[in-house]
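Colleague: For reference, the structure I am asking about is given below.
The values are calculated or read from the model by the stated rules, or taken from the named source; none is laboratory data. Keep in mind the model is a prediction, meaning the values are calculated, not measured. Here the Cβ is made from the backbone with ideal geometry for all residues, glycine too, and neighbour counts use every protein chain on show. Just so you know, the surface numbers come from the protein's heavy atoms only, side chains and all, with ligands and any DNA or RNA stripped out. Shrake-Rupley method; radii C 1.70, N 1.55, O 1.52, S 1.80 Å.
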Amino acid sequence: MTQETAVIVGAGKGLSAALARRLAKDGFRVVLVARDVAKLAPLVAETGGQAISADAQSPQAIEAMFAEVDRTFGPPDLVVFNAAMRYRGPIEVLDPADVMDAYAVGAFAGFVTAQAAARRMLQRGSGSIFFTGATASVKAMPHSVPFAMAKFALRALAQGLARELGPRGIHVAHFIIDGGISSSWATQGEAGPPDKWLDPAAIAETYLAVHRQHRSAWTAEMELRPWVEKF
């Protein structure tokens, strides 16, 4: 089997790190994309991946990043958009400029990434483009309007692209992460039921399984939540 290449846009700790580890274990060449790549040094060393600095809001920067991937590995087989900006506050005090920044990072950057990825995958006739959503993709909460606006838009992007690109061989899927993800700030020993936090390694297993699906039964959207999460 030809070695596959995965590009994770919005790489950092938590889910994206778990995904990088799992994909590397499965033999993928992993490309980690973030504005600040210095923070990715330990993950690069662990996974043997390549870090590329790029602002996902910039079509020029994303195109340059994919061009570098093309030169090194060829067109990617899997692209995961995992970028987001959590800007919160009451409506009466939200700064419009910051709201626009949050929307650009969480939604417009998803379009920029998907467009560049699709152009390459369509030439080959195969590939997967995955988007990481959240509870806010389907349910907006008080003081979280900027985040929900971006996540709703990202879900719409995924739905439209799944219908547009699926018949052309490209698997597009949106993952609703309905709950908090275990991380360094999520204390494992705190009071509460078992599995209060989603295990990022378990989520990564699901992403890989969806990438491996046969095209006769592709998943377009999946919700992932701990069993203790209230519906």
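Colleague: Just to be sure I understand, how many residues within segment 74-84 are open to solvent by less than 30 Å² (accessible area, probe 1.4 Å) and in contact with a Leu (Cβ under 9 Å, 6 or more places away or on another chain)?
Modeller: Total meeting the criteria: 3.
Colleague: Looking at A61, is it of a type in the set (G, A, S), open to solvent by 20 Å² or more (accessible area, probe 1.4 Å), modelled with pLDDT under 95 and within 24 Å of Q115 (Cα to Cα)?
Modeller: Against the criterion (of a type in the set (G, A, S), open to solvent by 20 Å² or more (accessible area, probe 1.4 Å), modelled with pLDDT under 95 and within 24 Å of Q115 (Cα to Cα)), A61 does not qualify.
Colleague: When you look at Q57, is it farther than 21 Å from S128 by Cβ and not acidic (D, E), yes or no?
Modeller: Yes: the conditions hold for Q57.
Colleague: Within segment 1-51, track down each residue that is more than 16 Å from the chain's Cα centre (by Cα) and of a type in the set (V, I, T).
Modeller: Hits for segment 1-51 are T2, V37, V44, T47.
Colleague: Right, here's the next one. List the residue pairs whose Cβ atoms are under 7 Å apart, where the first residue sits in segment 214-228 and is within 26 Å of P194 (Cα to Cα) and part of a loop (DSSP other than H, G, I, E, B), the second is modelled with pLDDT under 95 and open to solvent by 70 Å² or more (accessible area, probe 1.4 Å), and the two are 6 or more positions apart or on different chains.
Modeller: Hits for this filter: P226/D195; P226/K196; W227/D195; V228/D195; V228/K196.
Colleague: Residue by residue through segment 112-145, note down the ones that are surrounded by fewer than 20 Cβ atoms within 10 Å (Cβ to Cβ) and farther than 21 Å from H214 by Cα.
Modeller: Passing the criteria: Q115, R119, V138, K139, A140, M141, P142, H143, S144, V145.
Colleague: Taking segment 147-177, which residues are surrounded by 22 or more Cβ atoms within 10 Å (Cβ to Cβ) and more than 18 Å from the chain's Cα centre (by Cα)?
Modeller: Matches in segment 147-177: none.
Colleague: Oh, and also: Just to check your reading of the model, which residue among R29, R71, R21 is touching a Ser or Thr at 6+ places or on another chain (Cβ under 7 Å), closer than 26 Å to L165 by Cβ, at pLDDT 95 or above and open to solvent by 60 Å² or more (accessible area, probe 1.4 Å)?
Modeller: Within the list R29, R71, R21, the selection yields R29.
Colleague: In segment 68-95, which residues are over 16 Å from R124 (Cβ atoms) and of a type in the set (A, V, I, L, M, F, W, C)?
Modeller: V80, F81, A83, A84, M85, I91, V93, L94
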